[in-house]
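Participant: Dropping the structure in here first, questions after.
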Amino acid sequence: MSDLNIGIVGLGWVAGAHIETFKNVEGANVTAVCSRRSLNEADLEKEYGIPLKAYQDFDEMLKDPSLDVIDICTPHPYHPEQAIAAAKAGKHLIIEKPIALNYADAKAVGDAIREAGVLACVCFEVRFSGQGMAIRSMLDEGLLGDLHYGEVDYYHGIGPWYNQYEWNIKKEMGGSSLLTAGCHALDLLLWYMDSEVEEVTSYSNKSGSQYFKPYEYDTTSITILKFKNGKIGKVASVVDALQPYYVHIHLLGSEGSLLDDQFYSSRLKGTTKDRWSRIAAPMIDSGDVDDHPYQPQFQAFVESIGKGEPMPLTDFETAFKTHEAVYAADLSAKTGKPIKIAQLDE
């Protein structure tokens, strides 16, 4: 199989990280970019170190028969329309999260992907992090037994010092605390709890800090989740935190517990529950896209296309389940009522 050609739409901060990542992915190359700005191909090659065909018209880019995959790195509101158009053009998809800012649009993207028979990767890349994978391995080995409670919380300060602040503060662009960032934490929790969400209850508010006053939506939310298998969980999504970036993970099971990079397991002989053991894995400790574990995720996606089957961990159907929980949580916070996932289709 020849190398896949990747075309990136949207040429901002995230796109730059994707371009650099694909330089280290076997079997794929970024060969084209599309931006609303007029681009000079010589300048692009000088900046990114690779030749790139420049498009200003997305429809023209989709007509390029040499492109196998469209990588959507535009602001959130553009994702659904561009993903649907790319799927209809027969292109495989990489979609930066969120898939869409509302349930109906996300569902339409899924319909288009299934009808076209293309494959999609949604950028919940934290599943491919060292810490994320190590915890999943511990669960698979039974070190914590059967989980009955879990919490994964996202703490970040997306203030005026942060690249995406200017557009992120707008409701029509950022959507909600969960949609713009905290969905990474919720996605990890769903991966660990091994069950679909049945019902959520969510509350939200925002910081009184001057840094976050321009936000048009609540910047902090807390969501309680009830899973179909009886497990329960909690996700805090905080993008107005005046502190270092932090993803908090606490899992409790029948054989032990895990707290961030510490754990106790009754299955490890010679250990005692009054002292933590430690996981030797890279931590999820940065919100900067340059630090995100895109490389193993994109490599897995490229390999899945070669096999003609959905990729592991972050295929569209898996990511859509996380989005369903996000939409239900935001609806709960808005209405002040618990929301069942089934209600989204009503």
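Participant: Any chance you could count how many residues in the stretch 288-336 are under 15 Å from the mean Cα position of the chain (by Cα) and of a type in the set (Val, Ile, Thr)?
Facilitator: If we filter the stretch 288-336 for residues that are under 15 Å from the mean Cα position of the chain (by Cα), which is where we start, we get 288-298, 301, 311-327.
Filter once more, keeping what is of a type in the set (Val, Ile, Thr): 289, 314, 318, 322, 326.
Adding up the residues that qualify gives 5.
Participant: A further question on this structure: List pairs: first in the stretch 31-47 and more than 20 Å from ASP59 (Cβ to Cβ), second modelled with pLDDT of 95 or more and among the β-branched types (Val, Ile, Thr), Cβ under 8 Å, 6+ apart or cross-chain?
Facilitator: Qualifying pairs under 8 Å: LEU44/VAL33.
Participant: Regarding SER286, is this residue surrounded by 15 or more Cβ atoms within 10 Å (Cβ to Cβ) and either in contact with a Cys (Cβ under 6 Å, 6 or more places away or on another chain) or touching a residue at least 24 places away in the same chain (Cβ under 8 Å) (or both)? I'd like the intermediate steps shown before the answer.
Facilitator: Details: surrounded by 15 or more Cβ atoms within 10 Å (Cβ to Cβ): no; either in contact with a Cys (Cβ under 6 Å, 6 or more places away or on another chain) or touching a residue at least 24 places away in the same chain (Cβ under 8 Å) (or both): yes.
For SER286, the condition - surrounded by 15 or more Cβ atoms within 10 Å (Cβ to Cβ) and either in contact with a Cys (Cβ under 6 Å, 6 or more places away or on another chain) or touching a residue at least 24 places away in the same chain (Cβ under 8 Å) (or both) - is not met.
So that you can scan it fast, the table gives a plain yes or no per residue for (1) surrounded by fewer than 23 Cβ atoms within 10 Å (Cβ to Cβ); (2) in contact with a helix residue (DSSP H, G or I) (Cβ under 7 Å, 6 or more places away or on another chain); (3) of a type in the set (Lys, Arg):
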position	(1), (2), (3)
GLY157	yes, no, no
LEU178	no, yes, no
SER204	yes, yes, no
LYS226	yes, no, yes
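Participant: Look through GLU151, GLU199 and report the one residue that is among the charged types (D, E, K, R) and touching a Pro at 6+ places or on another chain (Cβ under 7 Å). Talk me through it step by step, then tell me what you get.
Facilitator: Details: GLU151 fails: touching a Pro at 6+ places or on another chain (Cβ under 7 Å).
It is GLU199.
Participant: Counting just the residues of the stretch 103-131 that are small (Gly, Ala, Ser) and touching a residue at least 24 places away in the same chain (Cβ under 8 Å), which one comes out surrounded by the most Cβ atoms within 10 Å (Cβ to Cβ)?
Facilitator: Kept after step one, since they are small (Gly, Ala, Ser), are these residues of the stretch 103-131: 104, 106, 108, 110, 112, 116-117, 120, 129-130.
If we keep only those that are touching a residue at least 24 places away in the same chain (Cβ under 8 Å) too, we end up with 106, 108, 110, 112, 116, 120, 129-130.
Numbers: ALA106: 25, ALA108: 17, GLY110: 20, ALA112: 19, ALA116: 18, ALA120: 31, SER129: 23, GLY130: 16.
Within the stretch 103-131, the match that is surrounded by the most Cβ atoms within 10 Å (Cβ to Cβ) is ALA120.
Participant: Next question. Looking at ALA83, ALA100, ALA87, ALA134 in this structure, which one is in contact (Cβ under 8 Å) with a residue 12 or more places away in the chain and in the same structural domain as CYS183 (by TED's automatic domain parsing)? Talk me through it step by step, then tell me what you get.
Facilitator: Numbers: ALA83 fails: in the same structural domain as CYS183 (by TED's automatic domain parsing); ALA100 fails: in the same structural domain as CYS183 (by TED's automatic domain parsing); ALA87 fails: in the same structural domain as CYS183 (by TED's automatic domain parsing).
Going through ALA83, ALA100, ALA87, ALA134 in turn, just one is in contact (Cβ under 8 Å) with a residue 12 or more places away in the chain and in the same structural domain as CYS183 (by TED's automatic domain parsing): ALA134.
Participant: If you don't mind, there's one more thing I want to ask. Going by the conditions given, is GLY145 assigned by TED's automatic domain parsing to the domain that holds VAL235 and either of a type in the set (S, T, N, Q) or part of a loop (DSSP other than H, G, I, E, B) (or both)? Quick ask: steps written out before the conclusion?
Facilitator: Values: assigned by TED's automatic domain parsing to the domain that holds VAL235: yes; either of a type in the set (S, T, N, Q) or part of a loop (DSSP other than H, G, I, E, B) (or both): yes.
Spelling it out, GLY145 is indeed assigned by TED's automatic domain parsing to the domain that holds VAL235 and either of a type in the set (S, T, N, Q) or part of a loop (DSSP other than H, G, I, E, B) (or both).
Participant: One residue is enough: does the stretch 101-112 have a residue meeting the conditions closer than 20 Å to ALA328 by Cβ, of a type in the set (Asp, Glu) and out of contact with any Lys or Arg (no Cβ under 7 Å at 6 or more places or on another chain)?
Facilitator: To start, the set of residues in the stretch 101-112 that are closer than 20 Å to ALA328 by Cβ comprises 101-111.
Of the ones still in play, those that are also of a type in the set (Asp, Glu) are 105, 111.
Narrowing further to those that are out of contact with any Lys or Arg (no Cβ under 7 Å at 6 or more places or on another chain): 105, 111.
So far as the stretch 101-112 goes, yes, one or more of its residues are closer than 20 Å to ALA328 by Cβ, of a type in the set (Asp, Glu) and out of contact with any Lys or Arg (no Cβ under 7 Å at 6 or more places or on another chain).
The values are calculated or read from the model by the stated rules, or taken from the named source; none is laboratory data. Just so it is clear, the structure is predicted and the values come from calculations on it, not from any experiment. All Cβ positions, glycine included, derive from the backbone under ideal geometry; neighbour counts span all protein chains shown.
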